[in-house]
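Notes to accompany the following structure.
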Amino acid sequence: EPATVLADVTVTITAGPTREALDPVRFISNHSSGKMGYALAQAALFLGAKVNLISGPVAIAPPSGAEVFAVESAIQMRDTALKLASESDIFIGCAAVADYRVAQVAEQKIKKQGDEMNITMVKNPDIIAEVAALTKHRPYTVGFAAETQNVDQYAQGKLKNKNLDMICANDVSRQGLGFNADNNALTLFWPDESLELPVADKQALAMSVLMEIIKRLDY
Ligand code: PMT
(Lines give C-alpha, C1' and ligand atoms only; values in the text may rest on other atoms or scores of the structure.)
Protein backbone atom coordinates (compact mmCIF):
# COMPACT_ATOMS: atom_id res chain seq x y z
CA GLU A 1 0.00 0.00 0.00
CA PRO A 2 1.58 3.33 -0.95
CA ALA A 3 1.47 5.96 1.80
CA THR A 4 -0.86 8.89 1.23
CA VAL A 5 -0.11 11.41 4.02
CA LEU A 6 1.22 13.79 1.37
CA ALA A 7 -1.39 13.06 -1.30
CA ASP A 8 -2.35 16.36 -2.97
CA VAL A 9 0.78 17.99 -1.52
CA THR A 10 3.44 19.39 -3.84
CA VAL A 11 7.02 19.32 -2.56
CA THR A 12 9.77 21.18 -4.41
CA ILE A 13 13.35 20.29 -3.53
CA THR A 14 16.66 21.74 -4.70
CA ALA A 15 19.60 19.34 -4.70
CA GLY A 16 23.22 19.05 -5.73
CA PRO A 17 25.79 21.73 -6.48
CA THR A 18 25.62 24.69 -8.81
CA ARG A 19 28.29 25.42 -11.40
CA GLU A 20 29.45 28.95 -12.01
CA ALA A 21 31.17 29.24 -15.38
CA LEU A 22 34.47 31.09 -15.84
CA ASP A 23 34.68 30.43 -19.56
CA PRO A 24 33.34 27.78 -22.00
CA VAL A 25 35.45 25.03 -20.40
CA ARG A 26 35.80 25.88 -16.69
CA PHE A 27 33.57 26.39 -13.66
CA ILE A 28 33.59 26.89 -9.88
CA SER A 29 31.54 24.37 -7.92
CA ASN A 30 31.52 22.29 -4.72
CA HIS A 31 31.40 18.68 -3.47
CA SER A 32 27.63 18.23 -3.21
CA SER A 33 26.65 14.85 -4.67
CA GLY A 34 22.88 15.39 -4.58
CA LYS A 35 22.41 12.38 -2.27
CA MET A 36 20.70 14.26 0.57
CA GLY A 37 18.32 16.15 -1.72
CA TYR A 38 17.51 13.05 -3.77
CA ALA A 39 16.80 11.14 -0.53
CA LEU A 40 14.33 13.87 0.46
CA ALA A 41 12.68 13.57 -2.96
CA GLN A 42 12.45 9.79 -2.55
CA ALA A 43 10.92 10.11 0.93
CA ALA A 44 8.36 12.68 -0.25
CA LEU A 45 7.38 10.41 -3.16
CA PHE A 46 7.02 7.48 -0.78
CA LEU A 47 4.62 9.58 1.31
CA GLY A 48 2.49 10.24 -1.76
CA ALA A 49 3.59 13.78 -2.68
CA LYS A 50 3.98 15.30 -6.10
CA VAL A 51 7.70 16.05 -6.22
CA ASN A 52 9.61 18.65 -8.23
CA LEU A 53 13.35 18.03 -8.03
CA ILE A 54 15.48 20.97 -9.14
CA SER A 55 18.92 19.52 -9.53
CA GLY A 56 22.39 20.78 -10.25
CA PRO A 57 24.76 18.43 -12.12
CA VAL A 58 25.12 15.14 -10.21
CA ALA A 59 26.15 11.57 -11.01
CA ILE A 60 23.22 9.77 -9.37
CA ALA A 61 19.84 8.80 -10.84
CA PRO A 62 16.72 10.66 -9.69
CA PRO A 63 14.01 8.70 -7.86
CA SER A 64 11.38 7.56 -10.34
CA GLY A 65 8.22 9.60 -10.17
CA ALA A 66 9.95 12.93 -9.46
CA GLU A 67 9.66 15.67 -12.04
CA VAL A 68 13.29 16.63 -12.62
CA PHE A 69 14.42 20.12 -13.59
CA ALA A 70 18.11 20.00 -14.51
CA VAL A 71 19.99 23.26 -13.98
CA GLU A 72 23.62 24.34 -13.76
CA SER A 73 24.06 27.85 -12.38
CA ALA A 74 22.56 29.48 -9.30
CA ILE A 75 20.69 31.91 -11.56
CA GLN A 76 19.09 29.01 -13.47
CA MET A 77 18.23 27.31 -10.18
CA ARG A 78 16.67 30.53 -8.87
CA ASP A 79 14.54 31.05 -12.01
CA THR A 80 13.23 27.47 -11.87
CA ALA A 81 12.68 27.59 -8.10
CA LEU A 82 10.65 30.80 -8.26
CA LYS A 83 8.47 29.38 -11.05
CA LEU A 84 7.65 26.31 -8.95
CA ALA A 85 7.61 27.74 -5.42
CA SER A 86 4.20 29.37 -5.42
CA GLU A 87 2.55 26.17 -6.63
CA SER A 88 4.32 24.20 -3.88
CA ASP A 89 3.14 23.44 -0.35
CA ILE A 90 6.64 22.63 0.89
CA PHE A 91 9.95 23.98 -0.46
CA ILE A 92 13.21 22.41 0.71
CA GLY A 93 16.53 24.03 -0.24
CA CYS A 94 19.09 21.25 0.04
CA ALA A 95 21.27 22.42 -2.87
CA ALA A 96 24.75 23.75 -2.22
CA VAL A 97 24.27 26.99 -4.14
CA ALA A 98 27.31 29.10 -5.00
CA ASP A 99 27.16 32.35 -3.04
CA TYR A 100 29.04 34.14 -5.83
CA ARG A 101 29.30 33.87 -9.60
CA VAL A 102 31.98 35.09 -11.96
CA ALA A 103 31.31 38.73 -12.85
CA GLN A 104 32.28 38.42 -16.52
CA VAL A 105 32.10 34.95 -18.04
CA ALA A 106 34.74 34.88 -20.80
CA GLU A 107 33.34 34.04 -24.23
CA GLN A 108 36.51 32.22 -25.23
CA LYS A 109 38.76 29.93 -23.23
CA ILE A 110 40.93 32.04 -20.91
CA LYS A 111 44.58 31.79 -21.96
CA LYS A 112 47.39 31.06 -19.53
CA GLN A 113 49.00 34.34 -18.51
CA GLY A 114 51.34 35.56 -15.72
CA ASP A 115 52.09 33.87 -12.38
CA GLU A 116 48.86 35.05 -10.72
CA MET A 117 45.35 35.53 -11.88
CA ASN A 118 42.38 37.19 -10.23
CA ILE A 119 38.73 36.53 -10.79
CA THR A 120 36.10 39.06 -9.76
CA MET A 121 32.92 37.49 -8.48
CA VAL A 122 29.54 39.01 -7.68
CA LYS A 123 26.90 37.85 -5.22
CA ASN A 124 24.25 35.39 -6.39
CA PRO A 125 20.61 35.84 -5.42
CA ASP A 126 19.64 33.91 -2.29
CA ILE A 127 17.11 31.40 -3.63
CA ILE A 128 15.63 30.18 -0.36
CA ALA A 129 15.34 33.73 1.00
CA GLU A 130 13.45 34.75 -2.15
CA VAL A 131 11.08 31.80 -1.75
CA ALA A 132 10.53 32.61 1.93
CA ALA A 133 9.80 36.24 1.01
CA LEU A 134 6.86 35.31 -1.24
CA THR A 135 3.73 37.06 -0.05
CA LYS A 136 1.29 35.01 -2.12
CA HIS A 137 1.23 31.19 -1.94
CA ARG A 138 4.33 31.03 0.23
CA PRO A 139 5.27 27.37 0.79
CA TYR A 140 6.45 25.98 4.15
CA THR A 141 10.09 26.85 3.58
CA VAL A 142 12.92 24.64 4.83
CA GLY A 143 16.62 25.42 4.42
CA PHE A 144 19.84 23.57 5.12
CA ALA A 145 22.97 25.10 6.61
CA ALA A 146 26.29 23.47 5.80
CA GLU A 147 28.82 24.68 8.36
CA THR A 148 32.31 23.72 9.51
CA GLN A 149 32.25 25.72 12.79
CA ASN A 150 29.70 27.43 15.10
CA VAL A 151 27.19 25.16 13.40
CA ASP A 152 24.10 25.75 15.55
CA GLN A 153 24.69 29.48 15.89
CA TYR A 154 25.20 30.04 12.14
CA ALA A 155 22.23 27.83 11.29
CA GLN A 156 19.95 29.74 13.65
CA GLY A 157 21.20 32.99 12.11
CA LYS A 158 20.22 31.73 8.64
CA LEU A 159 16.81 30.57 9.90
CA LYS A 160 16.11 34.10 11.12
CA ASN A 161 17.77 36.19 8.40
CA LYS A 162 16.23 34.20 5.54
CA ASN A 163 12.83 34.06 7.28
CA LEU A 164 12.64 30.26 7.04
CA ASP A 165 10.15 28.03 8.86
CA MET A 166 12.80 25.43 9.62
CA ILE A 167 16.50 24.81 9.01
CA CYS A 168 18.56 21.61 9.00
CA ALA A 169 22.00 22.32 10.44
CA ASN A 170 24.63 20.12 8.84
CA ASP A 171 28.08 19.94 10.45
CA VAL A 172 30.11 19.13 7.35
CA SER A 173 33.41 18.96 9.25
CA ARG A 174 32.50 15.49 10.62
CA GLN A 175 34.35 12.58 8.99
CA GLY A 176 32.18 10.40 6.78
CA LEU A 177 29.15 12.70 6.95
CA GLY A 178 27.79 15.58 4.90
CA PHE A 179 29.06 16.20 1.38
CA ASN A 180 29.18 13.14 -0.86
CA ALA A 181 28.66 10.64 1.99
CA ASP A 182 25.93 8.03 2.42
CA ASN A 183 25.39 8.97 6.07
CA ASN A 184 24.64 12.27 7.72
CA ALA A 185 23.51 13.86 10.99
CA LEU A 186 21.37 16.98 11.32
CA THR A 187 20.08 19.33 13.97
CA LEU A 188 16.69 20.77 13.07
CA PHE A 189 15.84 24.27 14.23
CA TRP A 190 12.54 26.13 14.28
CA PRO A 191 12.17 29.65 15.67
CA ASP A 192 11.33 28.24 19.12
CA GLU A 193 12.58 24.64 19.28
CA SER A 194 15.21 22.22 18.05
CA LEU A 195 15.69 18.49 17.50
CA GLU A 196 18.84 16.46 17.04
CA LEU A 197 18.81 13.70 14.43
CA PRO A 198 21.86 11.49 15.10
CA VAL A 199 23.97 9.74 12.45
CA ALA A 200 21.90 7.65 10.05
CA ASP A 201 21.84 6.97 6.35
CA LYS A 202 20.52 9.86 4.28
CA GLN A 203 17.34 7.98 3.31
CA ALA A 204 16.35 7.47 6.97
CA LEU A 205 17.24 11.06 7.86
CA ALA A 206 15.22 12.36 4.92
CA MET A 207 12.16 10.49 6.19
CA SER A 208 12.64 11.95 9.70
CA VAL A 209 12.97 15.46 8.27
CA LEU A 210 9.73 15.04 6.31
CA MET A 211 7.85 13.67 9.31
CA GLU A 212 8.90 16.73 11.33
CA ILE A 213 7.69 19.01 8.53
CA ILE A 214 4.36 17.19 8.28
CA LYS A 215 3.72 17.61 12.03
CA ARG A 216 3.92 21.37 11.58
CA LEU A 217 1.87 21.78 8.38
CA ASP A 218 -1.58 23.30 8.60
CA TYR A 219 -3.18 21.83 5.50
O1 PMT B 1 24.55 16.63 -1.78
P2 PMT B 1 25.21 15.80 -0.70
O3 PMT B 1 26.56 15.30 -1.13
O4 PMT B 1 24.29 14.69 -0.23
O5 PMT B 1 25.49 16.74 0.56
C6 PMT B 1 24.42 17.27 1.30
C7 PMT B 1 24.67 18.73 1.69
C8 PMT B 1 25.85 18.80 2.67
C9 PMT B 1 24.97 19.57 0.45
C10 PMT B 1 23.34 19.22 2.35
O11 PMT B 1 23.03 18.44 3.47
C12 PMT B 1 23.42 20.68 2.77
O13 PMT B 1 23.88 21.02 3.86
N14 PMT B 1 22.94 21.58 1.86
C15 PMT B 1 23.08 23.04 2.02
C16 PMT B 1 24.42 23.44 1.48
C17 PMT B 1 24.66 24.91 1.54
O18 PMT B 1 25.03 25.50 0.56
O19 PMT B 1 24.39 25.51 2.68
P20 PMT B 1 24.55 27.09 2.97
O21 PMT B 1 24.68 27.17 4.44
O22 PMT B 1 25.62 27.71 2.14
O23 PMT B 1 23.18 27.70 2.52
C24 PMT B 1 22.10 27.90 3.42
C25 PMT B 1 20.78 27.70 2.72
O26 PMT B 1 20.58 28.73 1.74
C27 PMT B 1 20.64 26.38 1.98
O28 PMT B 1 19.29 25.96 2.11
C29 PMT B 1 20.97 26.76 0.54
O30 PMT B 1 20.32 25.90 -0.38
C31 PMT B 1 20.40 28.17 0.48
N32 PMT B 1 21.05 29.08 -0.49
C33 PMT B 1 22.36 29.43 -0.36
C34 PMT B 1 22.92 30.34 -1.22
C35 PMT B 1 22.11 30.89 -2.25
N36 PMT B 1 22.62 31.76 -3.12
N37 PMT B 1 20.84 30.54 -2.37
C38 PMT B 1 20.28 29.64 -1.51
O39 PMT B 1 19.10 29.33 -1.61
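For the condition under 27 Å from Ala155 (Cα atoms) and either modelled with pLDDT under 95 or more than 10 Å from the ligand (Cβ to nearest atom) (or both), Glu1 does not qualify. If you go through the range 5-51 and keep only what is within 15 Å of the ligand (Cβ to nearest atom) and assigned to a strand (DSSP E or B), you end up with Val11, Thr12, Ile13, Thr14, Ala15, Pro17, Glu20, Ile28. Cβ separations smaller than 6 Å between residues 6+ apart or across chains give no pair from the range 153-166 residues that are among the small types (Gly, Ala, Ser) to residues that are assigned to a loop (DSSP other than H, G, I, E, B) and within 12 Å of the ligand (Cβ to nearest atom). For the range 162-215, the set of residues classified as part of a strand (DSSP E or B) and more than 14 Å from the ligand (Cβ to nearest atom) consists of Trp190, Glu193, Ser194, Leu195, Glu196, Pro198, listed by residue number. Going by what's in this entry, would Val51 be described as closer than 20 Å to Asp182 by Cβ and under 16 Å from the mean Cα position of the chain (by Cα)? No.
Within the range 78-97, residues that are polar (S, T, N, Q) have Cβ atoms under 9 Å from residues that are assigned to a loop (DSSP other than H, G, I, E, B) and within 13 Å of the ligand (Cβ to nearest atom) in these pairs: Thr80/Val71, counting only partners at least 6 apart in sequence or on another chain. Taken together, the residues in the range 123-154 that are within 8 Å of the ligand (Cβ to nearest atom), over 14 Å from the mean Cα position of the chain (by Cα) and assigned to a helix (DSSP H, G or I) amount to 1.
The values are calculated or read from the model by the stated rules, or taken from the named source; none is laboratory data. A quick note: this is a predicted structure, and the numbers were derived from the prediction, not measured. Don't worry about glycine lacking a Cβ; one is built from the backbone with ideal geometry, like all the others, and counts go over all protein chains shown.
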